[in-house]
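Note sheet for the following structure.
Any read-out appearing in this document is the output of simple, stated calculations on the displayed coordinates, not a laboratory observation. Please read these numbers as outputs of a predicted model, since none were measured by experiment. Virtual Cβ from ideal backbone geometry, glycine too; neighbours counted across all protein chains shown.
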Ligand SMILES: Cc1cc2nc3c(=O)[nH]c(=O)nc-3n(C[C@H](O)[C@H](O)[C@H](O)COP(=O)(O)OP(=O)(O)OC[C@H]3O[C@@H](n4cnc5c(N)ncnc54)[C@H](O)[C@@H]3O)c2cc1C
């Protein structure tokens with residue numbers, strides 16, 4: 001039982017008691033759950049169903065050792081070579097619109113070693129507490145399991161590619177992040193994971209990471225929020241937020257107006273639409289990724305990562321989820337089958353006993369990406385509007401800790417120091 005349930009909620013004078021959360025992805029639901037922990041009455045508005053966004057089809061990795069800002073010099077070098085080919089793991093359409101150009105200009109400006117180091121230093125305090133926040137949920141009875149990644153293997157065709165990853169892990173370690181990993185031979189990797197072929201000639205084994213089943217996790221979190229008396233209003237989009245005396249009104253797309261003390265906007269790749277009016281100027285761009293599931297004769301014991309191909313494989317129940325691709329296109333555009341084919345072709349040489357042609361649940365979803373690769377979490381120009389999102393590649397791993405810290409911000413009206421680099425007004 002939570003401390004607030006034991007002793008009753010203790011509210012600071014003037015702190016919000018009825019809070020609306022817009023968006024029922026991992027981030028929004030985590031905010032709702034941690035607000036409830038302090039006794040707040042929450043209403044979560046979700047245009048579709050809980051977990052319908054990026055929180056559904058992702059790889060489910062909880063890997064603080066890899067959780068780093070996306071813009072960095074190597075991504076840029078790689079990206080410039082690769083972005084224009086539909087078969088490449090990073091894809092940019094030839095006709096970029098104004099919003100995309102603005103995002104890309106900022107992204108390029110942040111792809112320097114100095115900015116990456118500053119961003120990484122900002123991530124470390126969050127990464128350090130990321131797994132603990134999942135344990136808080138589990139200890140309070142959220143029926144969602146996280147699995148230790150034993151092993152977690154990054155696999156390569158060439159030794160020098162593995163050396164490059166070791167260099168990147170070293171840089172993450174230099175920023176203060178705990179990283180435990182070591183290179184192994186292809187033969188050792190195959191002994192650990194018989195699903196790997198002899199095309200894997202080198203690997204890096206990373207310790208202390210976890211993974212989860214994304215749809216099960218979101219469902220459990222949604223259930224827990226409801227079970228504690230929260231209202232989850234599905235099938236209702238929010239089109240506007242308006243100040244009223246002593247509160248804020250959520251205006252739904254059907255024109256209904258609903259009063260709350262405060263609002264947390266957690267709408268994933270669409271964050272800018274509602275948050276822009278409250279001083280949030282950082283663009284949030286959809287970095288679309290694809291996934292599908294396939295049967296495996298012998299299911300890998302943990303996640304497999306193919307960094308050069310930018311493909312992630314995760315054992316989810318009786319099927320292997322295969323995920324990848326970074327496609328800077330409009331959120332909501334249809335799934336492009338060429339991207340699925342590109343992922344299949346990229347990973348086929350490395351896997352055996354996995355039927356990549358028996359695909360189910362082909363899916364595309366939008367990572368909410370910011371130009372500086374940092375989340376947006378905290379207060380806006382309005383004292384009643386807060387923002388949680390923009391985690392790009394790492395919203396599952398960082399969802400619960402973000403929820404915990406944003407809930408504190410809403411309650412105290414002041415962000416804890418860990419959130420200051422993620423100020424939505426930066
Ligand atoms: C292929 C792929 C693999 C990934 N792998 C990993 C991984 O291994 N580990 C990791 O940590 N992260 C991973 N990610 C990233 C992760 O999925 C995202 O960062 C995370 O899901 C974002 O969560 P969110 O709650 O911010 O957004 P979403 O999950 O997108 O949720 C936003 C919700 O808001 C709703 N919404 C939007 N607008 C409105 C509105 N106006 N009114 C009401 N509701 C609205 C949407 O319907 C949606 O349900 C991956 C992403 C992809 C695409």
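Could you tell me the largest-minus-smallest coordinate of the C-alpha atoms of region 275-368 on each of the three principal axes, in descending order and whole angstroms?
52, 26, 24
For region 197-248 and region 286-351, what is the separation of their C-alpha centers, rounded to whole Å?
Going from one Cα centre to the other spans 20 Å.
Mind pulling the angle between the C-alpha long axis of helix 98-110 and the longest principal axis of the chain? Nearest 10 degrees, somewhere in 0 to 90.
Here the helix axis deviates by roughly 70 degrees.
Quick one: go through region 20-56 and flag any residue whose amide nitrogen is under 12 Å from the point 7 Å out along the Cα-to-Cβ line of residue 252.
Taking a point 7 Å out along Cα→Cβ of residue 252, the residues of region 20-56 whose backbone N falls under 12 Å are 44-48.
Considering only DSSP beta bridges where both residues belong to the chain, give the percentage that are antiparallel (nearest 5).
75 percent
Starting from 0.36 nm per residue, how many nanometres of slack lie between residue 128 and residue 355 once their C-alpha separation is accounted for?
This chain segment gains 78.0 nm when fully extended.
Specify whether the C-alpha gyration tensor of region 202-306 places it in the rounded, prolate or oblate class, a ≥ b ≥ c being the square roots of the eigenvalues: rounded for a/c under 1.5, otherwise prolate if a/b is larger than b/c and oblate if not.
prolate
Given an 8 Å cut-off on Cα distances and at least 6 residues of separation, report the relative contact order of region 258-360 as a percent.
Details: 133 pairs, mean separation 30.0, N = 103.
The value is 29 percent.
Quick check: residue separation of residue 163 and residue 412 times 0.36 nm, minus the Cα distance between them. What number comes out in nm?
Full extension of this stretch gives 85.1 nm more.
Using Cα pairs closer than 8 Å and at least 6 residues apart in sequence, work out the relative contact order for the chain, in percent.
26 percent
Going by average Cβ neighbours within 10 Å, how do the peptides 19-26, 362-369, 126-133 rank, with the highest at the top?
The packing order, highest mean first, is 19-26, 362-369, 126-133.
If the label point is 7 Å along Cα→Cβ of residue 297, which residues in region 331-369 have backbone nitrogen under 19 Å from it?
In region 331-369, the label zone of residue 297 (backbone N under 19 Å from the point 7 Å along Cα→Cβ) covers 347-359.
Please give the helix 395-412 orientation as an angle from the longest Cα principal axis of the chain, in degrees from 0 to 90, rounded to the nearest 10.
20 degrees
Compute the long axis of helix 337-347 from its Cα atoms, compare it with the longest principal axis of the Cα atoms of the chain, and write down the angle in degrees, 0 to 90, nearest 10.
50 degrees
How big is the Rg/Rh ratio for the chain, C-alpha atoms only, Rh by Kirkwood, two decimals?
Values: Rg = 20.9 Å, Rh = 21.8 Å.
Value, to two decimals: 0.96.
Quick check on the exposure proxy: order 384, 114, 321 from fewest to most C-beta atoms within 10 angstrom.
In order of increasing Cβ crowding within 10 Å: 114, 384, 321.
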